[in-house]
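Input: a single structure, listed below in structure tokens.
The values are calculated or read from the model by the stated rules, or taken from the named source; none is laboratory data. Just so we're clear, the structure is a prediction, and the values are computed from it rather than from any experiment. Positions of Cβ are generated from backbone atoms using ideal geometry, with glycine treated the same way; all protein chains shown enter the neighbour counts.
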Amino acid sequence: MSFISLFITFFNIGLFTIGGGLASLPLLYEAVVDGGMISRNLFVDMLAISQSTPGPIGINMATFAGYQIAGIPGGFVATLGMVAPSLIIIVLIAAWFTNFSSHPLVQDVMGGIRPAALGLIASAAWFIFREALFIPGTDMQISLPAAGLFIALAAAYKLKPATPVVYILAGGVLGIFLF
């Protein structure tokens, strides 16, 4: 894959991602896994790493995917492609939006964008849930160790919220013994 193709692929993902990094996951999956650039297992591993490293998850995923596809230059090109649409759009509409944000048409457009973003985030959540809790290759059979770990860490977070790094590290350590 050429650097131009890589840039265009991630530019399109960045252009159509509304709602934050998690909303980009279905688009990233379609582009890089369904597009045959990386394996499904590598995507899941990159997702876990992206979630546990500093920075926005969508940008981290683009960087990791680009690196896997074309090394360090690929990581740079994919990241640049992912952020370019946001930079361009912000510059172009920043002044316009502040002047017209209360206009009924703008409010209607935003009212339609919010549910679309929620749908993309829900799709990403379902993907993560399915990959984390169900046994691969089965007909939706739940992994009891994974489900137990999920429930225990969710309950721990509910009782004593802490930085996600604590729960990611705890999950990793417990995973050594459970899997």
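Assorted remarks:
- Test: residue in the stretch 84-97 that is in contact (Cβ under 8 Å) with a residue 40 or more places away in the chain, in a helix (DSSP H, G or I) and of a type outside the set (A, V, I, L, M, F, W, C): yes
- Qualifying residue in the stretch 16-25 (condition: farther than 23 Å from G171 by Cβ, surrounded by fewer than 20 Cβ atoms within 10 Å (Cβ to Cβ), touching a helix residue (DSSP H, G or I) at 6+ places or on another chain (Cβ under 6 Å) and at pLDDT 90 or above): no
- When A152, A122 are checked against the criterion of being small (G, A, S), assigned by TED's automatic domain parsing to the domain that holds I93 and closer than 26 Å to P54 by Cβ, A122 stands alone in meeting it.
- Condition check for T63: hydroxyl-bearing (S, T, Y) and at pLDDT 90 or above: yes
- Of the residues F127, F179, F134, the single one that is touching a residue at least 40 places away in the same chain (Cβ under 8 Å) and under 23 Å from F43 (Cα atoms) is F127.
- Out of A124, A147, sole residue that is in a helix (DSSP H, G or I) and within 18 Å of the chain's Cα centre (by Cα): A124
- The stretch 155-171, residues that are of a type outside the set (A, V, I, L, M), within 14 Å of T53 (Cα to Cα) and surrounded by 10 or more Cβ atoms within 10 Å (Cβ to Cβ): P164, Y167
- Just one of the numbered conditions (1) surrounded by fewer than 18 Cβ atoms within 10 Å (Cβ to Cβ); (2) assigned to a helix (DSSP H, G or I) is not true of M1: (2).
- For M140: the one exception among (1) assigned to a helix (DSSP H, G or I); (2) outside the structural domain of S52 (by TED's automatic domain parsing); (3) among the aliphatic types (A, V, I, L, M); (4) free of Cβ contacts under 8 Å to residues at least 60 places away in the same chain: (1)
Here's the yes/no breakdown for (1) crowded, with 17+ Cβ neighbours inside 10 Å; (2) assigned by TED's automatic domain parsing to the domain that holds I128; (3) more than 23 Å from G172 (Cα to Cα):
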{"site": "V32", "(1), (2), (3)": "yes, yes, yes"}
{"site": "G35", "(1), (2), (3)": "no, yes, yes"}
{"site": "I38", "(1), (2), (3)": "yes, yes, yes"}
{"site": "Q51", "(1), (2), (3)": "no, yes, no"}
{"site": "G71", "(1), (2), (3)": "no, yes, yes"}
{"site": "V77", "(1), (2), (3)": "yes, yes, yes"}
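- Within the stretch 125-149, tally of residues that are modelled with pLDDT of 85 or more, of a type in the set (V, I, T) and closer than 20 Å to I49 by Cα: 0
- When V173, V83, V165 are checked against the criterion of being of a type in the set (V, I, T) and in the same structural domain as G55 (by TED's automatic domain parsing), a single residue qualifies: V83.
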